[in-house]
Amino acid sequence: MPVACYVQKVYIFFTPMPIDTTVIGDAVNLASRLENLTKLYGSNILISGNTLFDLEELDKYNYHFLDRVKVKRKKEAVAVFEILDGDAEAQKQLKIQTKTEFEQAIILYYQQKYSAAKEIFLNIFHINLEDKAVKLYLKRCQKSQIYGIPEEWKKEIVIIDK
């Protein structure tokens, strides 16, 4: 079962003052959106950049950057990372093997260098036919080469509404 994670530290003390539940609501909202994205990207574990960089012993995890996502009710885009340790061992190793190329292709995509990005994604696809995120980016490259990126995306590639 796919997992999405967004951790927000919340301290609640007994107090006569009302508690601002916006923080809790934002965390739950983002976790829900990330969980929905697991299907889109074919990922087992997605995590926000803020949560990833708050992890203790980050070097114990295998991960790669996946996208920047603007979710409903959030003003800023959220960096999304895939934790590769949630994949089957063979799939995990293929993603680790192609991590540098994958992230390089994403950078090229954000720079609107779709042909160059597409070429790298195709190379990765030939190594790992099951990587759904690569297939998604290949489709995006094809569409973007034809239509360009809509202005309202402003470098946030996916807008999620629930």
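For the reader, a short list of remarks on this structure follows.
- Charge sum, other residues only, whose C-beta stays under 12 Å from residue 40's C-beta, Lys/Arg counted +1 and Asp/Glu -1: +3
- For the stretch 23-74, alpha-carbon Rg relative to the globular expectation (2.2 N^0.38 Å, N residues): 1.18
- Globularity ratio of the stretch 32-162, using Cα Rg and 2.2 N^0.38 Å: 1.03
- Of the GluC sites (Glu not before Pro) in the stretch 28-78, those whose Cβ has at most 12 other Cβ within 10 Å and which sit in DSSP loop: 56, 57, 76
Read the figures in this text as sums done on the coordinates, not as results from a lab. Just so it is clear, the model here is predicted, and its values are computed rather than measured. Note that we place each Cβ from the backbone using ideal geometry, even for glycine, and neighbour counts take in every protein chain shown.
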